[in-house]
Structures are given as structure tokens and as C-alpha cells.
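J.: Starting off with a structure, shown below.
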Amino acid sequence: MSLGDLAHAKYVLLTTFRKDGSAVPTPLWAAPDGDGLVVWTVTDSYKVKRIRRNPEVTVAACDARGNPKGAAIAGRATILDAAGTERARSAISRKYGIVGWLAMKGSLLRRGKSGTIGIVVSAPDAP
């Protein structure tokens, strides 16, 4: 299975790593982005802080509660700029239809544009 295949799962389990190396899995929505996938989260979340320190992550298909539905794939996460975050919002809105669109609009009303951020997960050897 590739990252592109995972983008078709309803939820993905993004696992980031603490300073001590312990894993922190989080179920998220994801959408395809070229050969990788994009996810969207709150800007000041701990997962964003962990990714800034260590971009190595794993992703796996999962259910809404974060129970894995397959093997995890290693990846490299990159925090997106404002334009990239807007691209991630659009991709997620397209994939999840009216529910995704409502989630994006609700988030913009609640947090503003800078309150959420996009993350792209690519293969570990990708630039």
C-alpha cells in the first residue's frame, strides 16, 4: 500500500513521535495530494509541534476511533504555508463533500484562517 492509496481511506492514523521516541497516534481526515496526502489540524496542536521537531511520521488507514485497519507506512510530514493550507482545505472539502465543507467553514468561523494548518505527508525519501 502507498500513501496515495491511504488518501482514499475515510480516516488515517497519523503517528507522530515525542522527544523520548514514544508514538502518539491521531485519527484525521486526509485527501490525496500528488504522490502523498494532506491532512488538516489546529495550528497550535501538539502534533504540529512534534512534526516541527521531528518530521518522521507513520500513517495507516483507521476507523474514526483510531483503530488501525492495516499496516502503517513511514512518511515525512511537512507543515504547509498559508497557500498550501488553503489547498489542503480545498482537497479535504472536495473529498468529504458537504460534511467536509461544513467542517471547513465552521473552523474558519471559530478559529479564523490562521487557526488551522495543513500538513502534507510524503514518502520518506521525497523532497
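J.: Quick one: which strands (runs of 3 or more DSSP E) lie wholly within the stretch 1-99 and hold at least 1 residues that are among the aromatic types (F, W, Y), free of Cβ contacts under 8 Å to residues at least 60 places away in the same chain and in contact with a helix residue (DSSP H, G or I) (Cβ under 9 Å, 6 or more places away or on another chain)? Give the steps one after another, and end with the answer.
T.: On the way: elements: 11-17, 23-28, 30-33, 36-42, 56-62, 73-79.
Strands (runs of 3 or more DSSP E) meeting the threshold: 11-17.
J.: Let me ask you something else. If you take the residues of the stretch 74-121 that are under 21 Å from K49 (Cα atoms) and among the β-branched types (V, I, T), which of them is surrounded by the most Cβ atoms within 10 Å (Cβ to Cβ)?
T.: Among those that are under 21 Å from K49 (Cα atoms) and among the β-branched types (V, I, T), it is V121.
J.: Further question on the same structure: Checking S114 against (1) touching a Lys or Arg at 6+ places or on another chain (Cβ under 8 Å); (2) among the hydroxyl-bearing types (S, T, Y); (3) at pLDDT below 90, only one condition comes out false. Which one?
T.: The failed condition is (1).
J.: Just to be sure, is V99 touching a Ser or Thr at 6+ places or on another chain (Cβ under 7 Å), aliphatic (A, V, I, L, M) and over 13 Å from L6 (Cβ atoms)?
T.: Working: touching a Ser or Thr at 6+ places or on another chain (Cβ under 7 Å): no; aliphatic (A, V, I, L, M): yes; over 13 Å from L6 (Cβ atoms): yes.
No; evaluated as a whole, the condition is false for this residue.
J.: So, A71, is that one of a type in the set (A, V, I, L, M) and within 25 Å of D20 (Cα to Cα) or not? Working first, answer last.
T.: Working: of a type in the set (A, V, I, L, M): yes; within 25 Å of D20 (Cα to Cα): yes.
The answer is yes for A71.
J.: While we're looking at this one, here's another question. Taking V39 and the conditions (1) within 10 Å of A77 (Cβ to Cβ); (2) modelled with pLDDT of 95 or more, which numbered condition does it fall short on, given that it satisfies the others?
T.: (2)
The values are calculated or read from the model by the stated rules, or taken from the named source; none is laboratory data. Nothing here was measured: the structure is a model prediction, and the numbers come from that model. Cβ: placed from backbone, ideal geometry, glycine included. Neighbour counts: every protein chain shown.
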